[in-house]
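In what follows, a single structure is set out as structure tokens and then discussed.
The values are calculated or read from the model by the stated rules, or taken from the named source; none is laboratory data. None of the values given here were measured: they were computed from a predicted structure. Quick reminder, even Gly has a Cβ in these numbers, built from the backbone with ideal geometry, and neighbours come from all protein chains shown.
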Amino acid sequence: MRQRDRTFRIVGFWSLLVLALLWLIPLVLVLMNSFKGNLFITSAPFEPPAADSFTGLANYSDGLGRTGFLKAFGYSAFITVFSVLVICVVTPMTAWYIARVKAWYTSTLYYLFVFSMIVPFDMVMFTMTKVANVTHLDNPVGIILLYTGFGAGLSVFIFVGFIRSIPIELEEAAMIDGASPWKVFFTIIFPVLRPTAVTVAILNAMWVWNDYRLPYLVIGTDYKTIPIAVQQYMTGSYGQKDMGGFMAMLVLSIIPIVVFYLIGQRHIIKGVTAGAVKG
Amino acid sequence: MRVSKYIKKWFPVFALPTTLAFTLAFLVPFAMGIWLSFTKFRTVSDAQWVGLSNYTTAFTENNDFLHALWFSVRFTVVSVVTVNVLAFALAMILTKAIKATNLFRAVFFLPNLIGGIVLGYVWQLLINGILGKLFQQDLTYSSAYGFWGLVVVTNWQMIGYMMVIYIAGIQNIPGDVIEAADIDGAGFWRRLVQVTIPMVASSITICVFLTLTNSLKLFDQNLALTAGAPGHETEGLSLNIFRTFYNVRNHQGVAQAKAVVFFVIVAAIAFVQLRATRSKEEEG
């Protein structure tokens, strides 16, 4: 190994280490402040908890009741889990149909799905909310249908791309043997789609879990998901902000993501960046 | 072809559920949105055709839309450059067989998973803490704080993601190309400009496009970090459109017109990007 390369590696390693620690400062700061009393958070955010400012888990126990976090967590979890499940069942079926049936309407549908990916949410947010009100989709169950529809573009696009790379012979053989399309799909296609389905599930889960505007506009007054609860807590009733409870709330909304990340890091990095094909 | 015929009549089972949801959530709202941008309305059912007047109002009335457009453009230019340069630099270092490289990648990637609202408030604590300590000020004091604050937050969030794409690109460069350049005695900069950058051109196209559209569409971070303060000075396009819809009386038509303009801008960028990728694929 050349001397220059070795120096590069050592310098590189130490500068990356410093940068990585800097990278985590915002998160560490919030964690640290979640154990401090209200007054100490705004006046001295950088001081670690000391004898006079340390409040133990008080922010977590008192603050959470007031911020309605647990309810918000429930709504977020319910909507995310079921939207992802529905998307991962219905969009592969549609993608298979589009990829295998040669007709004007399948190609039209495909281009419409691809087109929907480039349309900013701003363009449809007002009218989508109106449609949701008229069709009574403005509840935690109905919103799953909206997520399925709005998320269909990317999911169908990814699945179609993959299905087109699967040789068609197996399906042909199964059909000659008399298997129904239903059976062909679930015994032959669906199992091969599993890795792609993981990618699609991760992409949609990150989107739905973190989404603010769609749930805010459609169900926000009655059912506050985590981003809505966080945002409204910070802007509502000025002057009475319980900063301690708010810090605890931020920590608790980040923890599920970090846990999720630690469990499936490889899949997540691969899955989320697979979305780069989008557009 | 046999498969095509065989499953054709199964449209209701396979394609209908998604198509129905897609129609309700996207197609109908999209078509309605285009139409409503040419009308004046309060409850949608009372919409009256007004031609282009919403569009002229959007661009002429108190300049808020043009201001937001200008803010978004400046923010996008700065973010695209900083995110891509830094992500590329990190990718270069991380592909050099450095210890614990996977751990570093994991740390840099993490912020990408946290939602814009939450991380906007996380950064508000940090930035206000720093500004308070140094100048006894906060983010609402000057639009420069808000602008650069948003740039920092965006960098923190997007660098890890772009870094992963660049790493994949760099690892795909065939080893003999680098070796050949080494034997030729090419220095670091010459190798970078003449070998590495051209070899990862497709990753650069993807990353520039992604940072471009994501910065233009920025909403959650904007709302959480500055909410436009001071005044409306740090209000980007998306936040301006949102507020025109919901905070300005009788302006839904104008807001929808702004949204259509925004859509046209994003669609134009997507079109250019598609052309760029296509022509590169044809060359290669």
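Restricting the first member to the stretch A:249-272 and to residues that are within 24 Å of A:V30 (Cα to Cα) and more than 9 Å from every other protein chain (Cβ to nearest Cβ), and the second to residues that are loosely packed, with under 15 Cβ neighbours inside 10 Å and modelled with pLDDT under 85, no beta-carbon pair is closer than 6 Å while six or more apart or on different chains.
Comparison of B:I93, B:I114 shows that the only residue that is in contact with a Ser or Thr (Cβ under 9 Å, 6 or more places away or on another chain) and under 23 Å from A:D211 (Cβ atoms) is B:I114. Across the stretch A:167-195, the number of residues qualifying as in a helix (DSSP H, G or I) and either charged (D, E, K, R) or without any contact (Cβ under 8 Å) to a residue 40 or more places away in the chain (or both) comes to 19. The residues on offer are B:V73, B:V78, B:V83, and the sole one that is within 30 Å of A:F260 (Cα to Cα), modelled with pLDDT of 90 or more, in the same structural domain as B:L237 (by TED's automatic domain parsing) and surrounded by 15 or more Cβ atoms within 10 Å (Cβ to Cβ) is B:V83.
Does at least one position in the stretch B:7-21 carry a residue that is without any contact (Cβ under 8 Å) to a residue 24 or more places away in the chain, under 26 Å from the mean Cα position of the chain (by Cα) and surrounded by 14 or more Cβ atoms within 10 Å (Cβ to Cβ)? So far as the stretch B:7-21 goes, yes, one or more of its residues are without any contact (Cβ under 8 Å) to a residue 24 or more places away in the chain, under 26 Å from the mean Cα position of the chain (by Cα) and surrounded by 14 or more Cβ atoms within 10 Å (Cβ to Cβ). Set side by side, the residues B:F59, B:F26, B:F75 differ, and just one is away from chain A (no Cβ under 12 Å), touching a Gly at 6+ places or on another chain (Cβ under 9 Å) and farther than 13 Å from B:Q256 by Cβ, which is B:F75. Exactly one residue out of B:A68, B:A106, B:A91, B:A97 is of a type in the set (A, V, I, L, M) and on the phi > 0 side of the Ramachandran plot, and it is B:A97. Of all residues in the stretch A:30-82, those being surrounded by 15 or more Cβ atoms within 10 Å (Cβ to Cβ), more than 30 Å from A:L214 (Cα to Cα) and either within 13 Å of chain B (Cβ to nearest Cβ) or of a type in the set (D, E, K, R) (or both) number 8.
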